[in-house]
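Colleague: Got a structure for you, questions after.
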Amino acid sequence: MKLVTYRYDMTERLGAITEKGVVDLWRAARDAGVSEEPFASTMSFLSGGDSLTKEAQKLLGAASPGNLVPSANLRLLPPIPRPGKIVAVGLNYRDHAMESGAAQPPKLPILFAKFPNSISGPEDPIVIPVGGPSGLGSGVGGGHWSERKGHSGGESVRIYRGVHAAQ
């Protein structure tokens, strides 16, 4: 089951991608007479464990066409819209470490935090502030990454959806 968080008609919802499109799990639960609350958000669903996953599978199997969200009006959001914390690992594979100019990969993992407001949906613009993160892109100006391609990590943003200035 592929889960998505999306916005439709100004409402943030949990859905599942199927061959027919995105099924609104909250609406499917309501129509099936099942409590909608666990399907109100991605976080409430994920905290429900295996039994809720099985319930979602049943809902998908019984979903009516009215439970499908019209893709023209659907906007995908970050999978976990407001994570509590994000811990990332830098230079976590050999080729990436070598790309950074290191002679050897680090002996200990390089851990760093990402902040919840750094999360974006798959089609959201990535805006680099004037001066860039950590001074990256200083003097080039801010804007959408596509306007800065080839300048100060613009390609890195496109490929990795993040900037690796600290590496």
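The values are calculated or read from the model by the stated rules, or taken from the named source; none is laboratory data. Because the structure is predicted, anything quoted here is derived from the model rather than measured. Positions of Cβ are backbone-derived with ideal geometry, glycine not excepted, and every protein chain shown enters the neighbour counts.
Colleague: When you scan region 106-136, how many residues do you find that are of a type outside the set (D, E, K, R) and modelled with pLDDT of 75 or more?
Modeller: The qualifying residues number 18.
Colleague: Within region 45-79, can you find the residues that are in contact with a helix residue (DSSP H, G or I) (Cβ under 6 Å, 6 or more places away or on another chain) and not in a helix (DSSP H, G or I)?
Modeller: Gly48, Ala63
Colleague: Which members of region 68-90 meet the condition of being free of Cβ contacts under 8 Å to residues at least 24 places away in the same chain and in contact with a strand residue (DSSP E or B) (Cβ under 7 Å, 6 or more places away or on another chain)?
Modeller: Within region 68-90, just Val89 meets the criteria.
Colleague: Now a separate question. Limited to region 1-42, what total is found for residues that are within 12 Å of Leu77 (Cβ to Cβ), in contact with a Pro (Cβ under 9 Å, 6 or more places away or on another chain) and not aliphatic (A, V, I, L, M)?
Modeller: Residues that pass the stated criteria total 5.
Colleague: Go through the residues of region 118-128 one by one and say whether even a single one is assigned to a strand (DSSP E or B) and at negative phi.
Modeller: Yes: one or more hits.
Colleague: Oh, and also: Can you tell me which residue is farthest from Ala16 (Cα to Cα) among those in region 70-96 that are modelled with pLDDT under 85 and small (Gly, Ala, Ser)?
Modeller: Checked region 70-96; the qualifying residue farthest from Ala16 (Cα to Cα) is Ala72.
Residues checked against (1) free of Cβ contacts under 8 Å to residues at least 12 places away in the same chain; (2) of a type in the set (D, E, K, R):
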position: Lys20; (1), (2): no, yes
position: Leu25; (1), (2): no, no
position: Ala28; (1), (2): no, no
position: Gly33; (1), (2): yes, no
position: Glu36; (1), (2): yes, yes
position: Ser41; (1), (2): no, no
position: Ser47; (1), (2): yes, no
position: Ala62; (1), (2): no, no
position: Gly66; (1), (2): no, no
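Colleague: Ok, one more. If a residue has to be exposed (fewer than 15 other Cβ atoms within 10 Å of the Cβ) and within 21 Å of Pro83 (Cα to Cα) to count, how many in region 13-42 make the cut?
Modeller: Residues meeting the conditions: 1.
Colleague: Which ones in region 1-18 are assigned to a loop (DSSP other than H, G, I, E, B) and free of Cβ contacts under 8 Å to residues at least 40 places away in the same chain?
Modeller: The one that is assigned to a loop (DSSP other than H, G, I, E, B) and free of Cβ contacts under 8 Å to residues at least 40 places away in the same chain: Met10.
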